[in-house]
Structure formats: C-alpha cells, structure tokens
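Right, one structure below, let's go through it.
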Amino acid sequence: YTYVPTSLDMYTTCLRDPVFWMIMKRVCNIFTVFKNMLPKYTREQFSFPGVKVEKITTDELVTFVDEYDMDISNAMYLDATEMRNKTSDMTFMARMRRLNH
C-alpha cells in the first residue's frame, strides 16, 4: 500500500485547482444551511440587566521594526559534488526587516 498525493494535498497547488474551489463552495453552503436553521437570538439573550461598564483601560502597544536573519541555504543550488555529499560548505543567510510588537 502506497499513498499517492494529489494536488489537493499541497496548499501551493490546491489553490489553483478548480476541484478545490468546488469542494470549498460546497462546505460553505453546508455551513450556511446549518447557520440558517439555527434559531434567532432574542433581545433577552443579548442584554445583561444590571451590568454597566464604567471604565476600560488598555496597555500601550509599542511597535517597532527589527531585523531578522533567516537561513536560506535550502533555497540555493548545489553542484554535483555537494549533491553527493548532501551538504554545502556555506550557509546562506538573508536579513529581512519585520514589524514587531
């Protein structure tokens, strides 16, 4: 028994497959039918008699841009010798800036 993957198994290919979108449309339709069968909420279910919000406080959110070093050695081409050794003598790094908090 051998499992053979299909295009739907990989997110890079499934988004381009029309069958994936037909399946997703069907799932969304099933969810919509289920949602429409649920009873509607009443005003009493949403109200909280006697509850009053007096004050809301939040911490200050500070964002900043920092630099991140990422190893991209797997994306580099290996020559025949490196392929036989299954390793490279060099490590390739990429520095990227990202928003952090």
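Tell me the residue from F48, F34 that is over 30 Å from C14 (Cβ atoms) and aromatic (F, W, Y), please.
Values: F34 fails: over 30 Å from C14 (Cβ atoms).
It is F48.
Filter the helices (runs of 4 or more DSSP H) completely within the chain down to those with at least 1 residues that are among the basic types (K, R).
Details: elements: 11-14, 18-37, 43-46, 80-85.
Filter on the chain gives 18-37, 43-46, 80-85.
The rows are residues; the columns are (1) modelled with pLDDT under 90; (2) among the polar types (S, T, N, Q).
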site	(1), (2)
P5	yes, no
N36	no, yes
T63	no, yes
D79	yes, no
K86	yes, no
A94	no, no
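Report yes if Y68 is among the hydroxyl-bearing types (S, T, Y) and surrounded by 10 or more Cβ atoms within 10 Å (Cβ to Cβ), otherwise no. Give the steps one after another, and end with the answer.
Working: among the hydroxyl-bearing types (S, T, Y): yes; surrounded by 10 or more Cβ atoms within 10 Å (Cβ to Cβ): yes.
So Y68 fits the description; yes.
Each row is one residue, and each column tells you yes or no for (1) exposed (fewer than 10 other Cβ atoms within 10 Å of the Cβ); (2) more than 30 Å from M93 (Cβ to Cβ).
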| site | (1), (2) |
| --- | --- |
| V19 | no, yes |
| L38 | yes, yes |
| Q45 | yes, yes |
| G50 | yes, yes |
| V53 | yes, yes |
| E60 | yes, yes |
| N74 | yes, no |
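The values are calculated or read from the model by the stated rules, or taken from the named source; none is laboratory data. All of these numbers come straight from a predicted model, not from anything done at the bench. Note: ideal-geometry Cβ built from the backbone for every residue, glycine included; neighbour counts use all protein chains shown.
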